[in-house]
Amino acid sequence: MARRLPTLLEVLRGESAPPVDLHAFYAFLYRYNDEYALDFWFQARIHTQMCLAYTQHSPAPSAEKETGMEPVALEPSHSHIALLSTDVQLTELVTNAQSTYERYFLAGEHELVLPNSVRQSMQYPSDVATYTGDIAELASVFKAAEEYVFVHLQTYAYPAFLQRNTFSNMEPLMAWARFSVGLFIFWIALTVGFAFVFTDTRHATRVWILLPTVVAMYFLVSYMYTMDPILALLRYTEMAPFHMRKVEDGYIAKQQRLHAMSALLMIALLTAAFTVLFVFVPGHHL
């Protein structure tokens, strides 16, 4: 069992476990409309692999030497990069480069926001039928953009993803639902508490205020900690409203368990303070 959080590259290779696996990372990016960056990164890797397959299985044995293209370190075990046929034609490479460029670099729904310097570094082929350029140049056409996207994900999106999935097990919408329910039940607890005080109810009966109080504090503290203690102790996390997944990463399960124990302690302290206040405050008939 790893005693650390996975790196971004490990997540992209499919080497991490829920709740910090590739599926969870894509869902996180989708929530913030940044999933196209990840789509492009995979498409660029596929393009590079196709070029590598072309150079390795080209009819001309000296093709790799003539182009100067060196083998690219790829992850063949990655589930998102399928095994390619060895029979890759140059026209397929050019067509793939064109479709990738048109999808992610021209104005449209999937357009990536990139610096001008990155855009200007790309020399994509404009004519499939007449392209006779260097295969190494074709293989590296998206290299600058691919590196920029990876750094962007690693610097901005991935740390937020780790923070969200390591120290929180609640989906944002469900967190707000808990907060709303908690406020409503807390209002009921306050109403009952003041009713006990102003009707001078005996102390033994006032103890019943403990029930709505503990439920209200559970929901409110869960919202404050962004952690549902019961789910954490059962090793479950919310991926979407009413959709939960098992926490399979042992290190993250331990961190969430510690976070949950802290939340339960806070719930106990607040519940005890509120209950003691309304049980022992002197009663007064209106």
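So which residues in segment 107-152 are buried (at least 16 other Cβ atoms within 10 Å of the Cβ), hydrophobic (A, V, I, L, M, F, W, C), closer than 17 Å to ALA37 by Cβ and modelled with pLDDT of 75 or more, if there are any at all?
LEU112, LEU114, VAL118, PHE142, ALA144, ALA145, VAL149, PHE150
How about segment 184-211: which of its residues are within 29 Å of HIS243 (Cα to Cα) and in contact with a Phe, Trp or Tyr (Cβ under 8 Å, 6 or more places away or on another chain)?
ILE185
I need a count of the residues in segment 160-183 that are more than 20 Å from ALA263 (Cα to Cα) and surrounded by 13 or more Cβ atoms within 10 Å (Cβ to Cβ).
1
Given (1) modelled with pLDDT under 90; (2) closer than 19 Å to GLU147 by Cβ; (3) of a type outside the set (S, T, N, Q), identify the lone condition not met by HIS57.
Among (1) modelled with pLDDT under 90; (2) closer than 19 Å to GLU147 by Cβ; (3) of a type outside the set (S, T, N, Q), HIS57 violates only (2).
Any idea which residue in segment 1-55 is surrounded by the most Cβ atoms within 10 Å (Cβ to Cβ), counting only those that are hydroxyl-bearing (Ser, Thr, Tyr) and not in a loop (DSSP other than H, G, I, E, B)?
Looking at residues that are hydroxyl-bearing (Ser, Thr, Tyr) and not in a loop (DSSP other than H, G, I, E, B), I get TYR54.
I'd like to know if segment 244-251 contains one or more residues that are modelled with pLDDT of 95 or more, assigned to a loop (DSSP other than H, G, I, E, B), under 14 Å from ASN165 (Cα atoms) and not hydrophobic (A, V, I, L, M, F, W, C).
Scanning segment 244-251, I find no residue that is modelled with pLDDT of 95 or more, assigned to a loop (DSSP other than H, G, I, E, B), under 14 Å from ASN165 (Cα atoms) and not hydrophobic (A, V, I, L, M, F, W, C), so the answer is no.
Answer with yes or no whether ARG257 is assigned to a helix (DSSP H, G or I) and under 30 Å from the mean Cα position of the chain (by Cα).
So ARG257 fits the description; yes.
Checking VAL149 against (1) without any contact (Cβ under 8 Å) to a residue 24 or more places away in the chain; (2) assigned by TED's automatic domain parsing to the domain that holds PHE105, which single condition isn't satisfied?
(1)
In this structure, is GLU15 among the charged types (D, E, K, R), at pLDDT below 75 and under 30 Å from ARG235 (Cβ atoms)?
So GLU15 fails the test.
If you scan segment 189-201, which residues turn out to be assigned to a helix (DSSP H, G or I) and either surrounded by 15 or more Cβ atoms within 10 Å (Cβ to Cβ) or in contact with an Asp or Glu (Cβ under 7 Å, 6 or more places away or on another chain) (or both)?
Across segment 189-201, the qualifying residues are ALA189, LEU190, VAL192, GLY193, PHE196, VAL197.
Say whether the condition of being assigned to a loop (DSSP other than H, G, I, E, B) and surrounded by fewer than 17 Cβ atoms within 10 Å (Cβ to Cβ) is met by at least one residue in segment 224-233.
No: zero hits.
The values are calculated or read from the model by the stated rules, or taken from the named source; none is laboratory data. Since we're looking at a predicted model, the values are computed, not measured. Cβ sites come from the backbone with ideal geometry, for glycine too, and all protein chains shown count toward neighbours.
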